[in-house]
Structures are given as C-alpha cells and as structure tokens.
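Asker: Just passing along the structure, written as structure tokens.
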Amino acid sequence: MQVQSLEVTTGKSSDVEVADGVFAVPYNEALLHQVVVAQMAGMRSANAVQKNRAAVRGGGRKPWKQKGTGRARAGSIRSPIWRGGGRAFPGGNENYTQKVNKKMWAGAMRTALAELLRQGRLQIIQQEDLAEPRSRLAKDWLSRAGGDNFLLVMGEVPLNLFLGLRNFPRVGIAGWQDIGPADLLQYGRVLLDTEAAARLGEVYG
C-alpha cells in the first residue's frame, strides 16, 4: 500500500510503499491486549523481599527451658507467631513473566501498527539528522514534526538527533528492533522512518 512520508526538515512529502501484511491487517483487540499485558508484566522488577525466620537477626537461644515453667514450648524468639519474628511464607523473588510465542508477538505488532495508521497516529518520515546536537535545533524539529508526545522509531538512530531530543521527556527514541506493542501504544503518536517501516515489513510481513 502507498502512504505519504514527510521530510520534517523541509516539510516536503512523497509517497512510499509499505507492506500490506503489516500496515493493513484487521484489528485484533484480544491478541493485542494479551501481548501488551505480558510485555508489561515482564518489565516488573519484583524486588520486594520479606524475611523468613532464618533471615531475621537473633533468636539463637531458647527463650526458656522446655518443661516446668507452665508456658508453651518455645525454641526461638524469631518464630513466625512471635512479634518481631520472621514471616512463615515470605514474599520475594516472584516471577511475573508470561509466555508469548513468536506468532503472537508478530500478530500484536501488526495489529498495533495497522490500527495506529488507521487512526492517523502513525506517520512515515524520511530519515534525517540534525546539523548539531542542540536542544534548540531539536525544538525547531519538533515544531515542524507537529509537537512532542511521540515515539520516534528509526532504522538507525542518528547521533545528533538522539542527543538533541533526549532532553524532552515526552519524546521516545528507539530502533525498530527494540520496540514492542506496549511501546507503540505508550505515546500519542508514532513517527516511523522509511528504513524502519521497510524492516518491520520484512520481519512481520
């Protein structure tokens, strides 16, 4: 299929060919939701840790003798039923990853890209770079690109453009091989350069 590509610096547009098998597939909401949830679950750090009775400091000495005190038997002050004791079933080191096979991932990428294009939230641009890695030049580039709040996906990320745009918090920059469905939906728009569009068409088409 033919779509328009924009040269941001000059404002000129031209037609480019993109793969129908990637950018013109029907919307599959259930698949996209499942893969996005799996991708976000895999990004969880799971670094909260609780201590069991072995990890709590102290409790090596038996509090009182086994018999003759009239109290219940106790072997450690760090028992889970004591105040200050360890947890009986401590949480920590959970694994939140969900299995997503290659066909599901590819299908979710296709439906996300096609739906963004249908909604007018995906734009093809020509590959270009800034003359210098300056935020002032990057700001001018952003105004010509239609403002911020977008993910810039490129075949090969130009150094000056990356250095100029990285100070803007609502702009994401990534190579085409580093993105997933959740990344595409995180921003208001997606700017895809022609090389990235071609590579995505080869891989997912």
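Asker: Which one is farthest from Phe162 (Cα to Cα) among residues in the stretch 195-205 that are part of a helix (DSSP H, G or I) and in contact with a Gly (Cβ under 8 Å, 6 or more places away or on another chain)? Give the steps one after another, and end with the answer.
Answerer: To start, the set of residues in the stretch 195-205 that are part of a helix (DSSP H, G or I) comprises 195-204.
From what's left, in contact with a Gly (Cβ under 8 Å, 6 or more places away or on another chain): 195-196, 198-199, 201, 204.
Numbers: Glu195: 16, Ala196: 16, Ala198: 21, Arg199: 20, Gly201: 24, Tyr204: 26 Å.
Within the stretch 195-205, the match that is farthest from Phe162 (Cα to Cα) is Tyr204.
Condition check ((1) surrounded by 14 or more Cβ atoms within 10 Å (Cβ to Cβ); (2) more than 26 Å from Gln126 (Cα to Cα)) across all residues:
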{"site": "Ser14", "(1), (2)": "no, no"}
{"site": "Asp20", "(1), (2)": "no, no"}
{"site": "Val25", "(1), (2)": "yes, no"}
{"site": "Arg44", "(1), (2)": "no, yes"}
{"site": "Asn52", "(1), (2)": "yes, yes"}
{"site": "Ala55", "(1), (2)": "no, yes"}
{"site": "Gly60", "(1), (2)": "no, yes"}
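Asker: So is Ile81 exposed (fewer than 10 other Cβ atoms within 10 Å of the Cβ), among the aliphatic types (A, V, I, L, M) and not assigned by TED's automatic domain parsing to the domain that holds Ile125 or not? It would help to see each step written out before you state the result.
Answerer: On the way: exposed (fewer than 10 other Cβ atoms within 10 Å of the Cβ): yes; among the aliphatic types (A, V, I, L, M): yes; not assigned by TED's automatic domain parsing to the domain that holds Ile125: yes.
It is true that Ile81 is exposed (fewer than 10 other Cβ atoms within 10 Å of the Cβ), among the aliphatic types (A, V, I, L, M) and not assigned by TED's automatic domain parsing to the domain that holds Ile125.
Asker: Does the stretch 94-102 contain any residue that is in contact with a Pro (Cβ under 6 Å, 6 or more places away or on another chain) and of a type in the set (A, V, I, L, M, F, W, C)?
Answerer: Restricting attention to the stretch 94-102, the residues satisfying the condition of being in contact with a Pro (Cβ under 6 Å, 6 or more places away or on another chain) are none.
No, the stretch 94-102 contains no residue that is in contact with a Pro (Cβ under 6 Å, 6 or more places away or on another chain) and of a type in the set (A, V, I, L, M, F, W, C).
Asker: Given (1) touching a helix residue (DSSP H, G or I) at 6+ places or on another chain (Cβ under 7 Å); (2) over 30 Å from Val18 (Cα atoms), where does Ile77 come up short, assuming only one miss?
Answerer: Evaluating Ile77 over (1) touching a helix residue (DSSP H, G or I) at 6+ places or on another chain (Cβ under 7 Å); (2) over 30 Å from Val18 (Cα atoms) leaves (1) as the failure.
Asker: Okay, next question. Among the candidates Ala30, Ala88, Ala106, Ala41, which residue alone is part of a loop (DSSP other than H, G, I, E, B) and among the aliphatic types (A, V, I, L, M)? Don't jump to the end; show me each part of the working.
Answerer: Numbers: Ala30 fails: part of a loop (DSSP other than H, G, I, E, B); Ala106 fails: part of a loop (DSSP other than H, G, I, E, B); Ala41 fails: part of a loop (DSSP other than H, G, I, E, B).
The conditions single out Ala88.
Asker: Right, something else. Let me confirm something: among Leu200, Leu191, Leu184, Leu151, which residue is within 19 Å of Tyr27 (Cα to Cα), touching a residue at least 40 places away in the same chain (Cβ under 8 Å), of a type in the set (A, V, I, L, M) and in contact with a strand residue (DSSP E or B) (Cβ under 7 Å, 6 or more places away or on another chain)? Working first, answer last.
Answerer: Working: Leu200 fails: in contact with a strand residue (DSSP E or B) (Cβ under 7 Å, 6 or more places away or on another chain); Leu191 fails: within 19 Å of Tyr27 (Cα to Cα); Leu151 fails: within 19 Å of Tyr27 (Cα to Cα).
Of Leu200, Leu191, Leu184, Leu151, the one residue that is within 19 Å of Tyr27 (Cα to Cα), touching a residue at least 40 places away in the same chain (Cβ under 8 Å), of a type in the set (A, V, I, L, M) and in contact with a strand residue (DSSP E or B) (Cβ under 7 Å, 6 or more places away or on another chain) is Leu184.
Asker: Ok, one more. What are the pairs with Cβ atoms under 9 angstrom where one residue, in the stretch 116-127, is at positive phi and the other, located anywhere, is not aliphatic (A, V, I, L, M)? Sequence gap at least six, or different chains.
Answerer: Gly120/Arg189
Asker: Does the stretch 56-78 include one or more residues that are in a loop (DSSP other than H, G, I, E, B), free of Cβ contacts under 8 Å to residues at least 40 places away in the same chain and in the same structural domain as Trp176 (by TED's automatic domain parsing)?
Answerer: At the first step, the residues of the stretch 56-78 found to be in a loop (DSSP other than H, G, I, E, B) are 56-78.
Now drop any that are not free of Cβ contacts under 8 Å to residues at least 40 places away in the same chain, which leaves 56-78.
Now narrow it down to the ones that are in the same structural domain as Trp176 (by TED's automatic domain parsing): none.
No, that holds for no residue.
Asker: Still on this structure, I have one more. For the stretch 129-141, state whether one or more residues are free of Cβ contacts under 8 Å to residues at least 12 places away in the same chain, of a type in the set (Asp, Glu) and more than 27 Å from Val37 (Cβ to Cβ).
Answerer: yes
Asker: Regarding the stretch 7-14, can at least one residue be identified that is of a type outside the set (Lys, Arg), outside any loop (DSSP other than H, G, I, E, B) and within 25 Å of the chain's Cα centre (by Cα)?
Answerer: Pass one, the stretch 7-14, residues of a type outside the set (Lys, Arg): 7-11, 13-14.
Cutting the leftovers down to outside any loop (DSSP other than H, G, I, E, B) gives us 7, 13-14.
Narrowing the set further to residues that are within 25 Å of the chain's Cα centre (by Cα) leaves none.
No - not one qualifying residue is present in the stretch 7-14.
The values are calculated or read from the model by the stated rules, or taken from the named source; none is laboratory data. As the structure is a prediction and not an experimental result, all values here were calculated from the model. Neighbour counts are summed over all protein chains in view; Cβ atoms, including those assigned to glycine, are modelled from backbone coordinates with ideal geometry.
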